[in-house]
Amino acid sequence: MSNNWINYWSGNNIWSSSSIWKKNSKILSLNLNKIVKIKNKSILDIGCGTGELIDNFIPEAKKIYGVDISSNYIKTCKLKFKNQKKVVIKLFKSNFKKLNKLNQKFDIIVCNSVIQYFSYESQIIELVKIVKKVSKKGSIFLISDIMDINDKKNYLKLLYYSIIRGYLFLLLKQYLILLINPKYRRLEKKYKLLRIDSKKVAKKLSRLSNKLEILEDPLTINVNRKHILLKF
Ligand SMILES: C[S@@+](CC[C@H](N)C(=O)[O-])C[C@H]1O[C@@H](n2cnc3c(N)ncnc32)[C@H](O)[C@@H]1O
């Protein structure tokens with residue numbers, strides 16, 4: 001991941017208090033619960049941001065670990081969850097290479113909307129290798145919101161889901177915020193986000209897992225994105 005993205009996520013940015021992130025996390029957690037039951041599970045949220053997903057896991061999960069490279073977000077989460085005994089928040093620099101230092105094994109691992117900020121595809125493979133080490137037998141790892149090189153934006157689908165799921169207004173508001181605050185778009189143009197060929201990457205990852213699926217269901221508000229679901 002380029003330092004510029006690390007700097008971006010480490011400072012104040014337009015996403016930190018974004019209502020669309022909250023909504024997105026709700027939708028993702030509901031969809032995740034359809035894939036695997038969250039109840040009494042120990043969960044690892046990689047790239048936890050401001051902890052919106054964690055918020056949704058709290059009522060049912062047994063234990064939740066949230067990790068991020070942004071000291072800013074880690075500070076926010078530590079404060080937010082300081083009275084939550086089942087939540088543990090940890091700062092992990094250098095792309096989670098030392099996740100095994102958590103000395104924990106998890107049933108569910110989620111990494112939502114994070115890998116596009118990596119610099120190289122190889123970092124995804126490295127991430128899966130390290131996640132495997134902290135995974136229980138039979139656990140699942142969902143890498144969601146993947147930007148695929150073959151994705152075509154389907155605006156009708158985006159509109160359809162934003163209406164039926166009730167976030168059209170929030171989406172429009174976020175587009176407006178992005179317009180008024182051009183820093184994110186500027187960085188996106190300059191440093192690019194990592195787009196991958198999900199099928200090719202999945203082929204490489206399948207050697208590391210017992211089962212792998214590419215999901216094209218609209219698990220998040222980014223309805224055109226793909227998701228890789230691994231079972232260990
Ligand atoms: C778009 S936000 C997603 C936050 C959260 N997962 C969610 O779904 O709301 C991207 C997050 O990934 C983190 N992140 C970005 N690059 C990362 C990297 N190379 N390694 C780990 N985390 C990273 C950022 O700090 C930020 O919290």
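We did not get these values from a lab; they are worked out from the coordinates using the rules stated. Every value quoted in this text rests on a predicted model; they were computed, and no experiment measured them. When we count neighbours, we look across all protein chains shown, and the Cβ atoms used for this are built from the backbone with ideal geometry, even at glycine.
Ordered by residue, what ³J(HN,Hα) values in Hz, to whole numbers, does region 135-140 give under the Karplus form 6.51 cos²θ - 1.76 cosθ + 1.60, where θ = phi - 60° and Gly and Pro are x?
My calculation for region 135-140 gives 9, 6, 5, x, 6, 10 Hz in order.
With labels modelled as points extended 7 Å from the Cα through the Cβ direction, what inter-label distance (nm, one decimal) is found for Asn4 paired with Lys192?
In this crude label model, Asn4 to Lys192 measures out at 1.2 nm.
Ser139's amide H: which non-local residues (gap 5+, or another chain) put their own amide H closer than 5 Å, with H modeled 1.01 Å from N in plane and none for Pro or chain starts?
Long-range HN contacts for Ser139: Phe232.
Return one quarter of the surface area of the convex hull spanned by the alpha-carbon atoms of region 100-207, equal to its mean projected area, in nm².
Result: a mean projected hull area of 9.1 nm².
How far is the Cα center of region 149-167 from the Cα center of region 57-91, in Å?
Cα centroid to Cα centroid, the span is 30 Å.
Residue by residue through region 85-100, which ³J(HN,Hα) values in whole Hz follow from phi under the Karplus form 6.51 cos²θ - 1.76 cosθ + 1.60 (θ = phi - 60°), with glycine and proline marked x?
Those phi angles translate into 5, 7, 10, 10, 10, 9, 8, 10, 7, 6, 6, 6, 5, 10, 4, 4 Hz.
What aspartates and glutamates sit close enough to Lys63 to cross-link, taking a C-alpha to C-alpha distance under 13 Å and skipping anything fewer than 8 places away on the same chain?
Asp45, Asp55, Asp107
Evaluate the relative contact order of the chain (contact order divided by residue number), counting alpha-carbon pairs under 8 angstrom at least 6 apart; express in whole percent.
With pairs under 8 Å counted, the relative contact order is 21 percent.
Which percent of Cα-Cα pairs in region 23-144 sits in each 5 Å bin, short to long?
Once binned at 5 Å, the Cα pair distances of region 23-144 give 2, 11, 24, 26, 22, 12, 2, 0.
Shape verdict for region 145-232, please, from the Cα gyration tensor: rounded (a/c under 1.5), prolate (a/b greater than b/c) or oblate.
oblate
Please work out how much length the chain gains when fully extended from Lys39 to Tyr184, using 0.36 nm per residue of separation minus the C-alpha to C-alpha distance, in nm with one decimal.
Length gained, Lys39 through Tyr184: 48.6 nm.
Given all pairs of different Cα atoms, what value in angstroms does the Kirkwood hydrodynamic radius of the chain take?
Evaluated over the chain, this radius sits at 18.0 Å.
Across region 190-205, in residue order, what do the Karplus-derived ³J(HN,Hα) couplings come to in whole Hz, using 6.51 cos²θ - 1.76 cosθ + 1.60 with θ = phi - 60° and x for Gly and Pro?
With coefficients 6.51, -1.76 and 1.60, one gets 6, 9, 6, 9, 6, 9, 10, 8, 3, 5, 5, 5, 4, 4, 5, 6 Hz.
Using 1/(1 + (r/R0)^6) with R0 = 22 angstrom and r between the beta carbons of Lys105 and Lys82, what's the FRET efficiency to the nearest 0.05?
0.30
What 222 nm value per residue comes from the helices of the chain, counting each DSSP H run with n ≥ 4 as -39,500 (n - 2.57) and dividing by all residues, nearest 500 deg cm²/dmol?
Result for the chain, helices only: -12000 deg cm²/dmol.
Determine the dipole magnitude for region 48-95: charges of +1 sit on the beta-carbon of Lys and Arg, -1 on that of Asp and Glu, nothing else is charged, the reference point is the Cα centre, and the result goes in debye to the nearest 20.
300 debye
Mind giving me the FRET efficiency for Tyr120 and Leu156? R0 is 35 Å, r the Cβ-Cβ distance, nearest 0.05 is fine.
Rounded to the nearest 0.05, the efficiency is 0.55.
How about region 1-43: which trypsin sites (Lys or Arg not before Pro) there are in a DSSP loop, with at most 10 other Cβ atoms within 10 Å of their Cβ?
Within region 1-43, the qualifying trypsin sites (Lys or Arg not before Pro) (loop, at most 10 other Cβ atoms within 10 Å) are Lys39.
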